[in-house]
Amino acid sequence: MSVIEKVRPQLVKSGPRVTDEHGKRVRVWELALRYALLLAVLALTVGPFLWQLSTSLKGPTEDIYTSPPKFLPGDPTLHNYERVADTIPVWDYALNSLKVATANVVTNCVGSALAGYALARLRYRGRRAATLAFILAMLVPVEGIIIAQFTTMRELGLNNTLVGVVLPGSISALNVLLMRNAFLNLPYEIEEAAFVDGANVWQRFVRIALPAVKGTLAVVAIFAFMGAWDDFLWPLIVLSDPSKFTLTIGLNYLHGTFANDERLVAAGTVIAVAPLIALFACLQRYFFRGVGEGAVKG
């Protein structure tokens, strides 16, 4: 009997071998457990949104409280989205939210990049104290300083303006620390070579450091956009003119005083979530790369 004939039964008996990224063999029950956990997390995170999407597509004659629940709509319709536009000026609210979120993205990307570079690459007295100040700022809850923010906006005459909505969140301490850690991962030899060639600080920042942390900038942009787009408490406090309401405040008017139309609320929710999904879909490649760039060193 040849060697191949001796080995072949062993290969057939053992079956295909599953290994992880390190080449270590993974047992079948471990693989099944991993997939089960992934499916459970997927159901908990994506399931509610899919249920809202399904509810928004159901007509008025379709029972949304049936037992057992029916996930797929029997007769899909977009009439609920038309009713949202008829009930509230949803596109005006969405435009206000877009203005606030875009301004928040620009201010956070620019300000966080400048502050993070100064904390990571420049040498001056008080640098560690400044870094500690940003870390401590993350520990302060927003609700604890919201009265001081409102008083400041009133003294500046920015109450009931979109500028007043943007200003308190224009630079986030978390985004500054993300940019700082991303800049810390860059080799100093590159900047030293640029310094020898005569590049000043601004040129080293714009031409060398900033292009190397595009992934972290994408993370900052996503966090800033999501924070501004989803914010409800601060715009509710600082805004009083309905024409300047953001989308999160405007959607609150879809709730009735004595009864709610869940189809209408679900359609408004999908309208509010859709821009976030589109943004992440466009920047996901840079997002996952930026998570590694801005990881905290331990």
Counting only heavy atoms of the protein chains, get the accessible area per residue of region 20-68 (1.4 Å probe) and round it to a whole Å² value. 79
Probe 1.4 Å, protein heavy atoms only - accessible area per residue of region 86-292 in square angstrom: 54
For the chain, built as a Gaussian network whose Cα springs stay under 10 Å, the top-fluctuating residue of Leu174, Leu158, Leu37: Leu37
Average Cα contact separation per residue, the chain, under 8 Å, 6 or more apart, as relative contact order %: 27
Can you tell me what percent of all Cα-Cα pairs in region 86-292 are more than 27 Å apart? 42
Extended-chain gain in nm, criterion 0.36 nm per residue less alpha-carbon gap, Tyr188 and Val142: 12.9 nm
Based solely on its DSSP helices, what 222 nm [θ] is calculated for the chain when runs of n ≥ 4 H residues each add -39,500 (n - 2.57) and the sum is averaged over all residues, nearest 500 deg cm²/dmol? -21500 deg cm²/dmol
In a solvent-free Debye calculation with one equal scatterer on each Cα, what is log10 I(q)/I(0) for region 28-76 at q = 0.27 Å⁻¹, listed in the order of the q values? -0.95
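Calculate what fraction, in whole %, of the accessible area of region 86-292 sits on carbon and sulfur atoms when a 1.4 Å probe is rolled over the protein chains. Write out the running numbers ahead of the final one.
Values: 7380 of 11130 Å².
Ligands and nucleic acids excluded, carbon and sulfur give 66 percent.
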Scan region 118-180 for chymotrypsin sites (Phe, Trp or Tyr not before Pro) in coil per DSSP, keeping those whose Cβ has at most 15 other Cβ atoms within 10 Å, and list them by number. Tyr124
Kirkwood hydrodynamic radius of region 81-200, from inverse mean 1/r over distinct Cα pairs, in Å: 17.3
Highest GNM mean-square fluctuation, the chain, Cα pairs closer than 10 Å: which of Arg154, Arg83, Arg123? Arg123
Among Ala130, Ala224, Ala209, determine the one that fluctuates most according to a GNM of the chain built with springs between C-alpha atoms less than 10 Å apart. Ala130
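Given a cut-off of under 8 Å on Cα pairs at least six residues apart, what relative contact order in percent is computed for region 49-164?
Over region 49-164, the number comes to 16 percent.
Tell me the carbon and sulfur percent of the accessible area for region 28-76, rounded to whole percent, probe radius 1.4 Å.
Exposed carbon and sulfur together represent 75 percent of the surface.
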So if I average 1/r over every pair of distinct C-alpha atoms in region 168-214 and take the inverse, what Kirkwood radius in Å does that give? 11.7
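The values are calculated or read from the model by the stated rules, or taken from the named source; none is laboratory data. Note that the structure is a prediction, hence the values are computed from the model and not measured. As a convention, Cβ positions derive from the backbone with ideal geometry for all residues, glycine included, and neighbour counts pool all protein chains shown. Side chains are part of the model used for accessible areas, which takes the heavy atoms of the whole protein and leaves out ligands, DNA and RNA. Shrake-Rupley method; radii C 1.70, N 1.55, O 1.52, S 1.80 Å.
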